[in-house]
There are 2 protein chains.
Amino acid sequence: MKGSAQPKTTREAILDATDRLLSRYGYKKMTIDDLAREVGIGKGSVYLHFTSKEEIALSHIDGIIERLKKKLFAIAESKASCETRLRKMLIERVVFRFDSVQHYTQSLNELLAHLRSRLLDRRKRYFEEEAQLFAKVLADGKRQGIFSLKDPLETARILLDATNSLLPYSLSAYELGDRKEIEKKSQRIADLILNGLLKH
Amino acid sequence: MKGSAQPKTTREAILDATDRLLSRYGYKKMTIDDLAREVGIGKGSVYLHFTSKEEIALSHIDGIIERLKKKLFAIAESKASCETRLRKMLIERVVFRFDSVQHYTQSLNELLAHLRSRLLDRRKRYFEEEAQLFAKVLADGKRQGIFSLKDPLETARILLDATNSLLPYSLSAYELGDRKEIEKKSQRIADLILNGLLKH
């Protein structure tokens, strides 16, 4: 786990190395041999934890989403008002993903093209888990009489749809180039959405 | 031009044939020979109008956007209220694109992967032209005191961002499968956006 003081497991070390090698070589050129060398273990040890390069890349993406969910959960549980929490979460889901892949945007299309079909099912699960976190804050706001909405989970899914076009999966490396631009766009969508939800 | 009583030009006939062959063969397998045969002209005649298969495919996509812009313009100019026009336009931009490619969704990823880099610049232009049409209705609503917004064009761009995740370019063929689902999603985003824009 990044930023943690705990010693890394071999599995974590392999996933950290994956992140560096995706940036250095890209997905296609990266080999299991490269990964083993980067971690300082034998190739066989890599295969003790993962069955294939594809599985490693998918686990790497799983890791990004796990860290994002922790961030979103922390915001959802924080003491700020419902509006502030919701706004922060909408922006975080865009900006966190941007920051997680921005050092290898050039090879991102290649990675996504390779994993596309297997990523699809995962993305459904990612979005559903994210929606649960958003639904919590929406339900809070509904209870407090701040938000005007019927079904919190249903509304959460709409909020994800309305910001999904800003995620790396939809954007090209070229469009992903400008962090400030993406951040500003996410803020503006968040503000418009918030205005639509608030009781007037 | 589809649905028109005027005789088709050769250029139009080639683009209509492209639409049919994309559905029958997909982009990769479709050849200039196939196209010439489908139209009933010689291969050389195709090259009088287009320099390459890539250019034909791009012109085919241009044609979809031209027809969409006409539809959006007609809605923007109609007699309905600003809210109704805006809502219709937001849904139309999603559903029209869906309907234009739904007969070849299976080969859509292949087509987009091939054209991706050249499509990028075009997409910027498409979105900018769409934004102009949306800005007109937003400006109407602002003038009438119905919408609360600062800059119509800036707001139009946010509305496009908020519905862009539902366009075929972002979705896979698999996700594109369900027209009703996509339509419902676009309606819900449109309603939330409208609520955010209306003066309360």
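Quick note: the coordinates plus some simple rules give every number you see, no bench work behind them. If you're wondering where the values come from, they're calculated on a predicted model, not measured in any experiment. For neighbour counting, all protein chains shown are included, and Cβ atoms are generated from backbone atoms with ideal geometry for every residue, glycine included.
List of remarks:
- At least 24 Å along the helix axis (C-alpha) and Kyte average at least -1.0, DSSP helices within chain A: A:53-77, A:82-101, A:108-143, A:179-197
- Relative frequency of Cα-Cα separations exceeding 28 Å in the range A:52-197, percent: 19 percent
- Average beta carbon contacts from partner chains per residue of B:184-191, 10 Å cutoff: 3
- Between this copy and the others, label points of residue B:183 are 4.1 nm apart in ascending order, each placed 7 angstrom from Cα in the Cβ direction.
- Residue A:132-residue B:32 FRET efficiency (beta carbon distance; Förster radius 41 Å; 0.05 resolution): 0.20
- The other copies place their residue B:122 label points at 3.1 nm from this one, listed shortest first, where each point is 7 Å from Cα along Cα→Cβ.
- The ranking of A:143, A:122 by Cβ neighbour count inside 10 Å, starting from the fewest, reads A:143, A:122.
- Euclidean distance of C-alpha centroids, the range A:18-78 and the range A:89-143, integer Å: 16 Å
- Per DSSP, loop chymotrypsin sites (Phe, Trp or Tyr not before Pro) in the range A:111-156 with at most 13 further Cβ within 10 Å: none
- Fewest-first ranking of B:119, A:86, using other Cβ atoms within 10 Å as the exposure measure: B:119, A:86
- Counting all C-alpha pairs of the range A:1-50, share separated by more than 16 Å (%): 36 percent
- The range B:1-134: projected area of the alpha-carbon convex hull, averaged over directions, in nm²: 8.8 nm²
- Descending by average beta-carbon neighbour count within 10 Å, the peptides B:87-96, A:8-17, B:41-50 line up as B:87-96, A:8-17, B:41-50, the highest first.
- Proximity of backbone amide H atoms, modeled 1.01 Å from N, is registered between residue A:27 and A:111 at under 5 Å, excluding neighbours fewer than 5 places apart on the same chain.
- In this Cβ point-charge picture (+1 for Lys and Arg, -1 for Asp and Glu), the protein assembly as shown has a dipole of about 600 debye about its Cα centre.
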